[in-house]
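Okay, so here's the structure we're looking at.
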Amino acid sequence: MNKDEFYKLYWRQYQLLEKEVLDTDAYVTIDGKNSATFSAQYVKLFLNLCSEIDTLAEQLREMIAEKHEDCDIDTKGPTILKKIAAVKIEFEKLGEMYVITKAEYDSWKNIPFLKFDDTSSDSWWHDYNLVKHCRNDMMEGSNKYNYEKANLKNTLKALSAFYLLCCLTNQFLDENAPDLKSEIFETGYGLI
């Protein structure tokens, strides 16, 4: 994949999904007090965002495997854990990278890949799988459906993860490329 393909196939998709998330602000203010608010729109956005994350992580894994032929990168493993493990070969501090919301939104700092390792993912990815595969099941120990995990908080976490992967892909393709500008997040990423 080259830069033009990345911008056309992934960055443009990020921008469209980010716009849809911003559109929800007219009904549910992007604020921590609303983090548990769920809706059919959040289901759509959460599923789309996580699907894009999975696809971009796979693309990034393939490019990293090509660059690091001497590393034993599992190119057959279909799980997100294997894909993120491959990304960590190129970006060792992935688990420490964060994005932060812009000042006009409730101050929120997310480290989307903090809890990803060889055997487990972060709660937002686990919730994605529950919404995707078991949305009509009841959450354990409650009278709520898994569907309700498609909420503002998880949607923003997924958006931040997609933004971070876009930033890293952009950097991988061209280390001199300008930082990608987001409407929700401060430009680029930081390290904890």
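The values are calculated or read from the model by the stated rules, or taken from the named source; none is laboratory data. Model, not experiment: these values are computed from the prediction. Methodologically, a virtual Cβ is constructed for each residue, glycine included, from the backbone with ideal geometry; neighbour enumeration extends over all protein chains shown.
Quick rundown of the values:
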read-out	value
Any hit, the stretch 169-186, residues being crowded, with 22+ Cβ neighbours inside 10 Å, over 21 Å from VAL87 (Cβ atoms) and either touching a residue at least 24 places away in the same chain (Cβ under 8 Å) or in contact with a strand residue (DSSP E or B) (Cβ under 7 Å, 6 or more places away or on another chain) (or both)	no
Which numbered condition ARG135 fails, given (1) surrounded by 14 or more Cβ atoms within 10 Å (Cβ to Cβ); (2) within 15 Å of the chain's Cα centre (by Cα)	(2)
Filtered residues of the stretch 137-180 (kept if basic (Lys, Arg) and within 17 Å of ASN110 (Cα to Cα))	LYS153, LYS157
Residues of the stretch 144-158 satisfying the condition of being outside any helix (DSSP H, G or I) and farther than 10 Å from TYR42 by Cα	LYS144, TYR145
Candidate set from the stretch 1-14 (those that are in a helix (DSSP H, G or I) and touching a residue at least 60 places away in the same chain (Cβ under 8 Å)); member that is farthest from ASP106 (Cα to Cα)	LYS3
Hits in the stretch 89-108 (condition: under 21 Å from GLN171 (Cα atoms) and either loosely packed, with under 14 Cβ neighbours inside 10 Å or in contact (Cβ under 8 Å) with a residue 24 or more places away in the chain (or both))	ILE89, GLU90, PHE91, GLU92, LYS93, LEU94, GLU96, MET97, TYR98, VAL99, ILE100, THR101
Leading residue by the ranking (surrounded by the fewest Cβ atoms within 10 Å (Cβ to Cβ)) among those in the stretch 27-66 that are outside any helix (DSSP H, G or I) and in contact with a strand residue (DSSP E or B) (Cβ under 7 Å, 6 or more places away or on another chain)	ALA36
Residues (modelled with pLDDT of 95 or more, among the aliphatic types (A, V, I, L, M) and not in a strand (DSSP E or B)) located in the stretch 88-125	LEU94, ILE111, LEU114
Count of residues meeting criterion [part of a helix (DSSP H, G or I) and either at pLDDT below 95 or within 10 Å of ASN154 (Cβ to Cβ) (or both)] in the stretch 133-143	1
Test set (1) farther than 21 Å from PHE46 by Cα; (2) out of contact with any Lys or Arg (no Cβ under 6 Å at 6 or more places or on another chain); (3) modelled with pLDDT of 95 or more; (4) not hydroxyl-bearing (Ser, Thr, Tyr) - ALA161 fails condition number	(1)
